[in-house]
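Worksheet: one structure, shown below.
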Amino acid sequence: MLALRIMKRTNKLIISVIALFLSCSTLASKHHIFMIHGIGDSDKAFGAANIVLNGLLNENSRETQFFLESFEYQTGNDDLTTVDFAKSFSVFFREYFKGRELEEGDHFSILAHSQGGLVTMNWLYHSYKGDSEFTDFSLIKRFMKTYISAATPYGGTEITTIPLLSRRLRQIMSLGKKELEDMYFPSAMIDKMQSLLMGKEKPFLNFLHSLNILNIVGVVHRLPSLSSSAGNLQDDTTVPVSSATMNFYYLKNHKKYYPGFGDKIPAKETKFFNNAKTIAVNAAHIPVLFVPGVVKIPVECRILSECDHPAINFYLNHFLEKPAPEVTEQARSFVVKLKLEVTKNSINFSGREPEFKFNFDAKSFKANKVIGKSFFLDDVKEKKNSRVYEFYYAGKLDKENLKEHIVNIKIEGPTIFHIERSVDFKIAPGNQTTIDLKLMSLGDY
């Protein structure tokens, strides 16, 4: 009899434990993580992330049940842009939650690689604007938890120019013409990203800040820099370190100025836009030889103690809302982008192509050794009564000098009638600084 009673109590205890487990599973909040790949890629970009990250996240969380899902889109189509892919994600998002509606306490987040980050930003922005074919923004605002981007070219990249020259190469690599153009340094899409991150739509920027965004930046060693023609600009072989972050410096001064002393623009006019936590890791854009891909998670990482992937712990801790692990990698490169607007009347009388002269100087380092002797990229944008000339310079700081610095630049305009400008501005490793100026000519007064 005693044995029978013990058996009954044991059975009741087992049933109670099972019931409690099922209850917890049912009542646990759900966190859906969508993985969005980059150009010319697929869900294979993330390797075994859907198995490894999903398993590790659920092993380390009692209150939340995690689900990982990949979104694939029609990359490689010459007629489609990142905005078109964002519309496709809206359809995917709607279909995914049919029959499993989000409830109070549930969340979703996004892990995006490369162009996938531009797709994400366009989806968020056009949903915020209430544009047709996009998602109800009130739903996004209510349930979105966070956003991680890895190697997304918010500041653009130069490597896209190579496949843009060859349709055959684009077909082989499954790269679309318009999506390549979207990621080019001086593109309208990159200007749009910077404008949004500067607060063109303040409520939208406030929403982005509420997401506690994480930017993962790849820095490769012992491999050549391929993202630009600037040999001193660090990258992950595809995206420069200064482009893969949503943080940057910006100095704009279009005030009328006059010749003479005391007209130097002070460094305090340089604003820093801090939009995300940025972490550099020793990883390539995609796996190359002995260097791991920044988002390609190997199946061996199911046992975390046996995993040496440089970014996986940053992904895990961010989604689990734990402090980030120690950062061992540091970016050293930076970019200076000059935007110089001149009136057409001040240059039309000259029959030759306008030329500018730039001279960099700094007290805390030798500018001629740190900053490239010439720009690695230039562009011209036409306005009704003026032209905007853009010049990109790259620099790389010594390992012992990785901090914010003040640099001076003197700019001579394209004619003898343009008045020299002197500007003090700020730079820092891993960031881009844009200097946006209006150059006056004597005839402009």
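The values are calculated or read from the model by the stated rules, or taken from the named source; none is laboratory data. This is a predicted model, so every value here is computed, not measured. When we count neighbours, we look across all protein chains shown, and the Cβ atoms used for this are built from the backbone with ideal geometry, even at glycine.
Table for the structure above
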quantity	calculated
Residue check for Asn77: in the same structural domain as Ala150 (by TED's automatic domain parsing) and under 22 Å from Ile297 (Cβ atoms)	no
Complete set of residues in the stretch 120-177 that are in a helix (DSSP H, G or I), of a type in the set (A, V, I, L, M) and either within 22 Å of the chain's Cα centre (by Cα) or closer than 28 Å to Gln432 by Cα (or both)	Met121, Leu124, Ile140, Ile162, Leu164
Subset tally (residues that are surrounded by fewer than 18 Cβ atoms within 10 Å (Cβ to Cβ), in contact with a Ser or Thr (Cβ under 7 Å, 6 or more places away or on another chain) and closer than 30 Å to Pro153 by Cβ) for the stretch 408-445	1
Failed condition for Val288, given (1) in contact with a strand residue (DSSP E or B) (Cβ under 9 Å, 6 or more places away or on another chain); (2) within 28 Å of Ser225 (Cβ to Cβ); (3) among the β-branched types (Val, Ile, Thr)	(1)
Condition met for Leu226 (out of contact with any helix residue (DSSP H, G or I) (no Cβ under 8 Å at 6 or more places or on another chain) and either in a strand (DSSP E or B) or buried (at least 24 other Cβ atoms within 10 Å of the Cβ) (or both))	no
Whichever residue in the stretch 85-108 is in a loop (DSSP other than H, G, I, E, B) and among the charged types (D, E, K, R) and, among such residues, is nearest to Phe319 (Cα to Cα)	Asp106
Selection within the stretch 65-84 - part of a strand (DSSP E or B) and either closer than 23 Å to Val294 by Cβ or touching a residue at least 60 places away in the same chain (Cβ under 8 Å) (or both)	Phe66, Phe67, Leu68, Glu69, Ser70, Phe71
Selected residue [at pLDDT 95 or above and aromatic (Phe, Trp, Tyr)] from Phe108, Phe21	Phe108
Subset of the stretch 62-91 (residues that are touching a strand residue (DSSP E or B) at 6+ places or on another chain (Cβ under 7 Å) and either within 11 Å of His32 (Cβ to Cβ) or surrounded by fewer than 19 Cβ atoms within 10 Å (Cβ to Cβ) (or both))	Glu63, Thr64, Gln65, Phe66, Phe67, Leu68, Glu69, Ser70
Residues of the stretch 331-355 that turn out to be of a type outside the set (Val, Ile, Thr) and modelled with pLDDT of 95 or more, as a count	9
Residues satisfying the stated conditions in the stretch 176-210, i.e. of a type in the set (S, T, N, Q) and either closer than 23 Å to Lys383 by Cβ or modelled with pLDDT under 95 (or both)	Ser187, Gln194, Ser195
Residue satisfying condition, being surrounded by fewer than 17 Cβ atoms within 10 Å (Cβ to Cβ) and not assigned by TED's automatic domain parsing to the domain that holds Ile419, within set Glu326, Glu382	Glu326
Qualifying strands (runs of 3 or more DSSP E) (wholly inside the stretch 352-445; at least 1 residues being of a type outside the set (S, T, N, Q), without any contact (Cβ under 8 Å) to a residue 12 or more places away in the chain and farther than 18 Å from Gln234 by Cβ)	377-382
Residue pairs meeting the criteria (Cβ under 6 Å; at least 6 apart or on separate chains; first under 17 Å from Gly116 (Cβ atoms), in the stretch 186-214; second among the hydrophobic types (A, V, I, L, M, F, W, C) and in a helix (DSSP H, G or I))	none
Single residue of the stretch 194-211 satisfying the filter (more than 19 Å from Ile140 (Cα to Cα) and polar (S, T, N, Q)) that is farthest from the chain's Cα centre (by Cα)	Ser195
Some residue of the stretch 163-179 being assigned by TED's automatic domain parsing to the domain that holds Ile36 and within 21 Å of His32 (Cβ to Cβ)	no
